[in-house]
Structures are given as structure tokens and as C-alpha cells.
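Notes for the one structure printed next.
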Amino acid sequence: MTFGLHQTFHAALVECLYAAAAGQGLNLVLSATTPGRDVAAAVDSLRHERCDAVLLVSPDVDARTLAELGSRQPTVVVGSDLTAPGVDTVRADDDAGMALLVGHLHERGHRTISFVDGGDAAMSATRREGYRRAMRAHGLEREIDVLPGDPSEDAGVRAAAALLRRQSPPSAVLAHNDMIATGLLLALRSAGVAVPEGLAVAGYDDTRLGALSSIALTTVSQDPARLAEEALLLAVVRAGGSGVSGSGVSDAAGEAAVVVPPRIVIRSTT
């Protein structure tokens, strides 16, 4: 299994993978990626460990590289919509997740809802387009407002500063993930803005940080335990050379795509 060290959701997913592996009597070997160690290097180290299959957690690779990795060893991608021939995928339905958040805010009377983007992070484009689609579904296409960002607390701080400079800021802000939302929330509180009375804030991923009573962030859970179980099932099937069955949906090339429904977690920031 490979994963990056920079996202709190990835850590939660890895914890669930270890728990699910233990429950199935499987051994899980971890190989992390860093700015100086790419996915190919991480996978090579797993190959030396003679692993039967590889799980890639939100890998930072292009489709061609993913296809090459998948051609060498049974491979399952978790937490990304990146696809390649022969590679199975397991992810949450982030389009539906954004619809849940926009719908929740719309029900509470919000009409000006901005979105802080995740840059080139995994699932960023899907969440951005999900926000736009949900806004259009509620007749708010003229209020669509995407602020540039990246998957870090600093991006939330920058977004807060940009919004506070506006003469007419929105009434609510959605963020690509909980890290951005937390930075945004803390910056707003430091500026004396009441949340949610002055500005409602919501994140994505339902991390432990967002669940802290001092943060209490409204967010969306991707159900990491379910993602872990589905990913391990596909890995075992691939390693055994069998066809995919169960909740996986196979295409003509034999890949399986499992999409897990998300759920909204409503807390005090909205």
C-alpha cells in the first residue's frame, strides 16, 4: 500500500485499511510517498517485499504511469477518480457529497455560497464540478464563485483574507477539504467574524480535526471503513486471478469501479 503523508484523511484511511486487513487475516505493508519519493519508488519497494497486490491511496500519477504500474502487479486505486486499463478503483461519490453540502446550506437560507478549490489534489476537479452542478440545480448559477486554493490550512487562511476584502462577501463557504475549512474558520474567528452567523463554513472528509469540539466543522464523510473493506476485497480478487464480483461494477476491459455513497455530518459551523 502506498499513500502520501500530507493529508489527514489519508491517515484515517490507512488506519481503516490496517483494521480491515487484520479482520481478514491479511498482512499490510506500508510504503509512503514524499516530495522526494514518488509513487513508482514506493511501489518498487513493495515489489521487493513480494506483495501480492498494491493499493494506491490517492496517487499523484498520470493515467499512463498508472497503467504501467497496473500492468506489472494487481493494483487498486483508493480515493481517486483516476482510471487506467486493468486497474480497479474505489472512491466515494464526491459529486453527491457536494450536492449534500450545497443542499444543506440552501435549506438554511444561504444563496451566496463560495467554494475554495483544492488545486491539483486528488478529486479536486470532481468536487469543484460537483459544487457547480449543485449550485445550478438550486438555481444559483449566477452565484457560483470558486476561489483558488490547495489542500492546506494556509489556503483557507488566504481564502478568508480574500473574502474579508470584498464589499459583499458570501453568506457561506464550502472548502475542498477539512484542512482548508479549518484554516478558513480560524482566520475568520481571529478577524472577529462569527461562524456561522456572519459566515457559515463547511469542509469535506470528516477528519478528526474537524470533529474536535473547538472546531465542530460541518463536513462530508467518505466512509473510510467502507472504502478500506471494498479496496481489500478487490485486491484479494485481483491477486487471486478471479473475476470481480459483489459491489464492483466491471467495464469491458475488466476493471472494477466501486463508488461508496457519502453522508453529511452537520455540526455548529453551519
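Coordinate-derived values only; no laboratory data. Source: prediction; values computed, not measured. Here the Cβ is made from the backbone with ideal geometry for all residues, glycine too, and neighbour counts use every protein chain on show.
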Grab the beta carbon distance between Thr112 and Ser214, set R0 = 25 Å, and tell me the FRET efficiency rounded to 0.05.
-> 0.40
Please give, to one decimal in nm, the separation of the simple spin-label points placed at His48 and Arg263, each 7 Å out from Cα toward the Cβ.
-> 4.2
Just from its helices, what would the mean residue ellipticity at 222 nm be for the chain, if runs of 4 or more DSSP H residues each count -39500 (n - 2.57) and the sum is divided by every residue, rounded to the nearest 500 deg cm²/dmol?
-> -12500 deg cm²/dmol
Would you indicate which of (1) 28, 21, 16; (2) 35, 18, 16; (3) 31, 19, 18 is the value of semi-axes √(5λ) of the Cα gyration tensor in Å derived from the coordinates of this structure?
-> (2)
Just check region 16-158 against the gyration tensor rule for me: Cα atoms, a ≥ b ≥ c as the square roots of the eigenvalues, rounded for a/c under 1.5, and otherwise prolate or oblate depending on whether a/b exceeds b/c.
-> prolate
Would you mind classifying region 89-160 by shape? Square roots of the alpha carbon gyration tensor eigenvalues, ordered a ≥ b ≥ c; an a/c under 1.5 is rounded, otherwise it is prolate if a/b is larger than b/c and oblate if not.
-> oblate
In degrees from 0 to 90, rounded to the nearest 10, what is the angle of the helix 178-190 Cα long axis to the longest principal axis of the chain?
-> 20
Label points 7 Å out from Cα along the Cβ direction at Glu141 and Ala22: separation in nm?
-> 5.1
Computed over the chain: longest principal axis from alpha-carbon atoms vs helix 94-107 long axis, angle to nearest 10 degrees, is 20
For region 1-83, what is the percent of antiparallel DSSP beta bridges, rounded to the nearest 5?
-> 10
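Roughly how many debye, to the nearest 20, is the charge dipole of region 1-153 about its Cα centre, given +1 on each Lys and Arg Cβ, -1 on each Asp and Glu Cβ, and no other charges? Numbers along the way, then the final one.
Values: 14 positive and 22 negative charges, 40 e Å.
Computed about the Cα centre, the dipole is about 200 debye.
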With everything on Cα atoms, drop me the angle between helix 124-137 and the longest principal axis of the chain, reported from 0 to 90° to the nearest 10.
-> 50
Residues whose modelled amide H sits under 5 Å from the amide H of Val54, counting only those 5 or more places away in sequence or on another chain, are Thr75, Val76
Let me know the charge dipole size of the chain about its Cα centre in debye, to the nearest 20, where only the beta-carbon of Lys, Arg (+1) and Asp, Glu (-1) is charged.
-> 600
Out of all DSSP beta bridges with both ends in the chain, state the antiparallel percent to the nearest 5.
-> 20
Is the shape of region 1-97 best called rounded, prolate or oblate, per the rule: a/c under 1.5 gives rounded, else a/b larger than b/c gives prolate, else oblate, with a ≥ b ≥ c the square roots of the Cα gyration tensor eigenvalues?
-> rounded
Would you mind checking which residues have amide H under 5 Å from Ser80's amide H? H placed 1.01 Å from N; only 5 or more apart, or other chain.
-> Ser58, Val90
